[in-house]
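Engineer: Here it is, the structure in full.
The values are calculated or read from the model by the stated rules, or taken from the named source; none is laboratory data. Remember, predicted model here, so these are calculated numbers, not experimental data. Backbone-built Cβ (ideal geometry, glycine too); neighbour counts: all protein chains shown.
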Amino acid sequence: MRQFLAFVKKEFFHIGRDKRTMFILLGMPVVQIVIFGFALTNEVKNAHIAILDNAKDPAANSLIQQIDASRYFDVEKNLVNYVQVEEEFRKGNIKLALVIPAHFNEDLIHFNKAQVQIIADASDPNVANTLTSYASAIIMDFQSRMTKNKSLPYTIQTELRMLYNPQLKGAYNFVPGVMAMVLLLVCTMMTAITIVKEKEMGTMEIILVSPMRPQLVVIAKAVPYLLLSLVNIATILILSVTALEVPINGSVLLLIGESILFTLVSLSLGLLISAGAASQQTAMFISLVALFLPTIMLSGFMFPIENMPLPLRTMSNIVPAKWYYSIVRAVMIKGLGISGVWKETLVLTGMMLFFLTMAIRRFKIRLA
Amino acid sequence: MQSIVVKNISKSYGKKGEIAALHDISFEVETGSLFGIIGPDGAGKTTLFRILTTLLLADKGTATVEGMDVVLSFKEIRKRIGYMPGKFSLYPDLSVEENLNFFATIFNTSIEENYDLIKDIYVQIEPFKKRKAGKLSGGMKQKLALSCALIHRPEVLFLDEPTTGVDAVSRKEFWEMLKGLKAQGITILVSTPYMDEASLCDKVALIQKGQILTINTPQGIVDEFEYPLWAAKSANMLQLLNNLKNLPYIKDVYPFGEYHHIVLQSAEGVELLKKYVASQTAEKIEILKVVPNIEDCFIGFMNK
């Protein structure tokens, strides 16, 4: 036990004295949360649009005001003809143009029917889709206000309710994703590198020729990173609750427990990689290519798994982050208890046992 | 009593074992003696050390350390030996004191417990105990590595090229330390590529391309040298070397410091050499008889 503690202490010296690495390890979650929370977002805000108003009557004016008032659009220009519309799109000044025909008000009043045209720049299809639906929604809203006092023969009103995330905040989606990514990076890559480093430096040779049990060496190398991960989990949770206003609806204890489980999976994976890799570069490369990329692509964090073809959907099942990601979403956002995530927990536990057994079995008690 | 017994050890690397590192090596090291493995780089010294320190498995043959098999009883052996690899293998970001403390703890002991053993060595680096190991000079690094290898009072000490890359003064000091350790009853197996260090061992094995050339005391090896050895020098050394190579009564000639060493086929050659030197009037050649040293013997064995 004394040996074990001395080893852990030595590991902390290594981490503590490499200020740059420690800064990266502890600063990474903060930076990621800030970047994802405030800079990288697929919510559309303040899109530049142009209006071609051929009517210039009261109804048209009030429609334009309503659009301008929304936080999604900024009316950049008032145009006078179609040629200008095309020109503005070409220059890339606007994302969307709204064309109001002449006699808009009259048509509306006399024929109970009027048309407006929405033209969108579909070079980015997602943005175009989002903007046109926002614009349509505003126009629908405008129409319902106009018909407020009249009774229509048939109307179906849709009432939308967004469960768990009523404001449709992107943060609800990426906080669990960032947690998975940070834990995986810190635990897997750092443990893999730190063990391989000892092999490279030649210190592993002396440690092997000591009475300390090799399995104990492996575990002692992992302990500091487990603690570091706990700090990171806390940082992410505190930041997301305070800065991003993402609530923790479920039990905090359960969330931390599941996070520790995922950390253990990542640590075991790191140990497994270190058993096979001969140099720090190899260890880093395996961690990045074999773990980091699938985590980003197949965990459901960036791209919805449901939309993927069957082979990819099947593959996503072996990505540990996928299970952790859905656990965090269930516990943190939906507020579910253990009964809601027992299946995922079981899968992660199985993965951890498998990787750990493999890692310890493959750890060499000799050099070759 | 024999501390190390090596019997017919062979080891090769590569997928098909095409690169032979050790070929049928056998030797014994007496308890409490200082045994030197002398050979050039790539002779197989490090492989041999790794097999004996239980870090590698031999393809063939058996070896015991303190009577225990290196394969079957590797755990027990690891408790009793001290090993200092050829490459500096301590933590450069830990201070001198922290390194020593760490190794003392993982070997289940403490600095205080065995301080008397390392005292003579450690006092030399103690003024720098707060300094990071990576910032020490080459000689001090070796002293620290030796202290770390000794801290658990091992019965057998394996030192793989401890003086490579160390200045001449530190090398001399290092060998003095080894004598001190030997006096404490520790068996020491040391490897070195420096032939001049062979005379400091009780017994040496000359090793070349994975094979042992001879095993003897340093004096015994010199005595084995059976040919007359002379040294020659002139203004044009290269010309001299080429000329001497063509003489039939000369077995071997090679540059050696500021002289060329000449190995003669037999005692009769001495007169012929003297005559030859006298005949070369254009260039003055100076010759003298020399006593062979280990390096001469090594070259002699290599050419056998």
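Engineer: Here is a list: B:Ile221, B:Ile207. Which entry is in contact with a helix residue (DSSP H, G or I) (Cβ under 6 Å, 6 or more places away or on another chain) and either crowded, with 16+ Cβ neighbours inside 10 Å or part of a strand (DSSP E or B) (or both)?
Structural biologist: B:Ile221
A quick yes/no check of all residues on (1) under 30 Å from A:Val99 (Cα atoms); (2) more than 11 Å from every other protein chain (Cβ to nearest Cβ):
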| residue | (1), (2) |
| --- | --- |
| A:Leu5 | no, no |
| A:Gly16 | no, no |
| A:Ala39 | no, yes |
| A:Asn54 | yes, yes |
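Engineer: Can we say B:Ile111 is over 26 Å from B:Thr192 (Cβ atoms), in contact (Cβ under 8 Å) with a residue 40 or more places away in the chain and more than 7 Å from chain A (Cβ to nearest Cβ)?
Structural biologist: So B:Ile111 fits the description; yes.
Engineer: Just name the residue that is nearest to the other protein chains (Cβ to nearest Cβ) out of those in the stretch A:355-368 that are without any contact (Cβ under 8 Å) to a residue 12 or more places away in the chain and part of a helix (DSSP H, G or I).
Structural biologist: In this case the residue turns out to be A:Arg361.
Engineer: Which of the helices (runs of 4 or more DSSP H) found entirely inside the stretch A:114-206 contain at least 1 residues meeting this: within 21 Å of the chain's Cα centre (by Cα)?
Structural biologist: Helices (runs of 4 or more DSSP H) meeting the threshold: A:125-146, A:171-184.
Engineer: Contact list please: Cβ distance under 8 Å, first residue in the stretch B:82-94 and more than 7 Å from every other protein chain (Cβ to nearest Cβ), second residue assigned to a loop (DSSP other than H, G, I, E, B) and surrounded by fewer than 20 Cβ atoms within 10 Å (Cβ to Cβ), pairs at least six apart or on different chains.
Structural biologist: That search, which allows pairs on different chains as well, returns B:Gly86/B:Thr164; B:Phe88/A:Gly202.
Engineer: Failed condition for B:Ala58, given (1) hydrophobic (A, V, I, L, M, F, W, C); (2) more than 10 Å from chain A (Cβ to nearest Cβ); (3) exposed (fewer than 15 other Cβ atoms within 10 Å of the Cβ), with all others met?
Structural biologist: It fails just one condition, (3).
Engineer: Against the definition (away from chain B (no Cβ under 14 Å), surrounded by fewer than 14 Cβ atoms within 10 Å (Cβ to Cβ) and basic (Lys, Arg)), how does A:Lys343 come out, yes or no?
Structural biologist: It is true that A:Lys343 is away from chain B (no Cβ under 14 Å), surrounded by fewer than 14 Cβ atoms within 10 Å (Cβ to Cβ) and basic (Lys, Arg).
Engineer: Look through B:Leu146, B:Leu100, B:Leu157 and report the one residue that is more than 9 Å from every other protein chain (Cβ to nearest Cβ), over 29 Å from B:Ile25 (Cα atoms) and not in a loop (DSSP other than H, G, I, E, B).
Structural biologist: B:Leu100
Engineer: Is it fair to say B:Leu52 is among the hydrophobic types (A, V, I, L, M, F, W, C), within 14 Å of chain A (Cβ to nearest Cβ) and more than 26 Å from B:Thr163 (Cβ to Cβ)?
Structural biologist: no
Engineer: Could you say whether any residue in the stretch B:72-88 is part of a loop (DSSP other than H, G, I, E, B), at pLDDT below 90 and closer than 21 Å to A:Arg17 by Cα?
Structural biologist: yes
Engineer: Additional query: Does B:Asp69 meet the test of being without any contact (Cβ under 8 Å) to a residue 12 or more places away in the chain and either closer than 28 Å to A:Thr194 by Cα or among the charged types (D, E, K, R) (or both)?
Structural biologist: Considered against the rule, which asks whether it is without any contact (Cβ under 8 Å) to a residue 12 or more places away in the chain and either closer than 28 Å to A:Thr194 by Cα or among the charged types (D, E, K, R) (or both), B:Asp69 comes out as yes.
Engineer: When the stretch A:340-355 is examined, which residues are found to be at pLDDT 90 or above and not aromatic (Phe, Trp, Tyr)?
Structural biologist: Listed by number, the residues that qualify are A:Val341, A:Lys343, A:Glu344, A:Thr345, A:Leu346, A:Val347, A:Leu348, A:Thr349, A:Gly350, A:Met351, A:Met352, A:Leu353.
Engineer: Check off (1) among the charged types (D, E, K, R); (2) free of Cβ contacts under 8 Å to residues at least 60 places away in the same chain; (3) within 14 Å of chain B (Cβ to nearest Cβ) for A:Asp74 and give me the number that stays unchecked.
Structural biologist: So A:Asp74 meets the others, but not (3).
Engineer: Now, a different point. Taking A:Lys113 as the residue in question, decide whether it is surrounded by 14 or more Cβ atoms within 10 Å (Cβ to Cβ) and at pLDDT below 85.
Structural biologist: no
Engineer: Something else: Residues in the stretch B:117-127: is at least one touching a residue at least 24 places away in the same chain (Cβ under 8 Å), crowded, with 17+ Cβ neighbours inside 10 Å and closer than 28 Å to B:Gly42 by Cβ?
Structural biologist: no
Engineer: Would you confirm, using the coordinates I've provided, whether A:Ser251 is of a type in the set (Ser, Thr, Tyr), under 30 Å from A:Val196 (Cα atoms) and in the same structural domain as A:Val34 (by TED's automatic domain parsing)?
Structural biologist: So A:Ser251 fails the test.
Engineer: It is to be established whether one or more residues within the stretch A:241-258 are in a helix (DSSP H, G or I) and under 16 Å from the mean Cα position of the chain (by Cα).
Structural biologist: Yes, because at least one residue in the stretch A:241-258 is in a helix (DSSP H, G or I) and under 16 Å from the mean Cα position of the chain (by Cα).
Engineer: So, in the stretch B:128-143, exactly how many residues are within 13 Å of chain A (Cβ to nearest Cβ) and surrounded by fewer than 16 Cβ atoms within 10 Å (Cβ to Cβ)?
Structural biologist: 2
Engineer: Oh, and also: Within the stretch A:278-309, count every residue that is in contact (Cβ under 8 Å) with a residue 24 or more places away in the chain and either crowded, with 21+ Cβ neighbours inside 10 Å or of a type outside the set (Gly, Ala, Ser) (or both).
Structural biologist: Total meeting the criteria: 17.
To keep it simple, each residue is scored yes or no on (1) farther than 21 Å from B:Lys7 by Cβ; (2) buried (at least 19 other Cβ atoms within 10 Å of the Cβ); (3) more than 9 Å from chain A (Cβ to nearest Cβ); (4) under 23 Å from the mean Cα position of the chain (by Cα).
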residue: B:Asp24; (1), (2), (3), (4): no, no, yes, yes
residue: B:Ala43; (1), (2), (3), (4): no, yes, yes, yes
residue: B:Thr47; (1), (2), (3), (4): no, yes, yes, yes
residue: B:Thr62; (1), (2), (3), (4): no, no, yes, yes
residue: B:Val71; (1), (2), (3), (4): no, no, yes, no
residue: B:Lys79; (1), (2), (3), (4): yes, no, no, no
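Engineer: Those residues that are of a type outside the set (Gly, Ala, Ser) and either without any contact (Cβ under 8 Å) to a residue 60 or more places away in the chain or within 7 Å of another protein chain (Cβ to nearest Cβ) (or both), I need them from the stretch A:205-218; list them, please.
Structural biologist: Those that are of a type outside the set (Gly, Ala, Ser) and either without any contact (Cβ under 8 Å) to a residue 60 or more places away in the chain or within 7 Å of another protein chain (Cβ to nearest Cβ) (or both): A:Glu205, A:Ile206, A:Ile207, A:Leu208, A:Val209, A:Pro211, A:Met212, A:Arg213.
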